[in-house]
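In what follows, a single structure is set out as structure tokens and then discussed.
The values are calculated or read from the model by the stated rules, or taken from the named source; none is laboratory data. Bear in mind the structure is a predicted one, so any value in this text is a computation, not a measurement. Cβ: placed from backbone, ideal geometry, glycine included. Neighbour counts: every protein chain shown. Surface areas here come from the heavy atoms of the whole protein model, side chains and all, with no ligands, DNA or RNA. Shrake-Rupley method; radii C 1.70, N 1.55, O 1.52, S 1.80 Å.
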Amino acid sequence: ADGYYQYQMDECVYSTSDYSDMVYLLSLSFNKDVDVQFNSTVGKFVGLTEFGVKQAEYFNKNQALVQGMKASVDTACRPNAQILDSSVRDKA
């Protein structure tokens, strides 16, 4: 079908039970092409297309936004991982 397709994917990636290696990833895509990504380990937005580079520059100028994104590991990822992991462990 005709039209445009824009989406955001948020991921919390980790492999240890103490969550010490947890990373928050954000990808912003348009028409199936990833334009810009944020990685909490890198600590900034990175553009992957010409448009994404401009977006990343704009986002990285907003230090409150960047700090909030970095904090997502502690504010969103860890609490949700603890809830989800405990529900899986309790069922085993």
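Specify the residue that is modelled with the lowest pLDDT; the eligible residues are those in segment 31-42 that are open to solvent by 80 Å² or more (accessible area, probe 1.4 Å) and under 30 Å from residue 2 (Cβ atoms).
Taking the candidates together, the pick is 32.
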Residue count, segment 67-92 (criterion: touching a residue at least 24 places away in the same chain (Cβ under 8 Å) and surrounded by 13 or more Cβ atoms within 10 Å (Cβ to Cβ)): 9
Lone unmet requirement of (1) surrounded by 13 or more Cβ atoms within 10 Å (Cβ to Cβ); (2) in contact with a Cys (Cβ under 8 Å, 6 or more places away or on another chain); (3) not aromatic (Phe, Trp, Tyr) for residue 54: (2)
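Please count how many residues of segment 11-29 are open to solvent by 80 Å² or more (accessible area, probe 1.4 Å) and either in contact (Cβ under 8 Å) with a residue 24 or more places away in the chain or closer than 22 Å to residue 67 by Cα (or both).
Filtering segment 11-29 for residues open to solvent by 80 Å² or more (accessible area, probe 1.4 Å) gives 15, 17-18, 20.
When the remaining residues are screened for being either in contact (Cβ under 8 Å) with a residue 24 or more places away in the chain or closer than 22 Å to residue 67 by Cα (or both), the result is 17, 20.
So the count comes out to 2.
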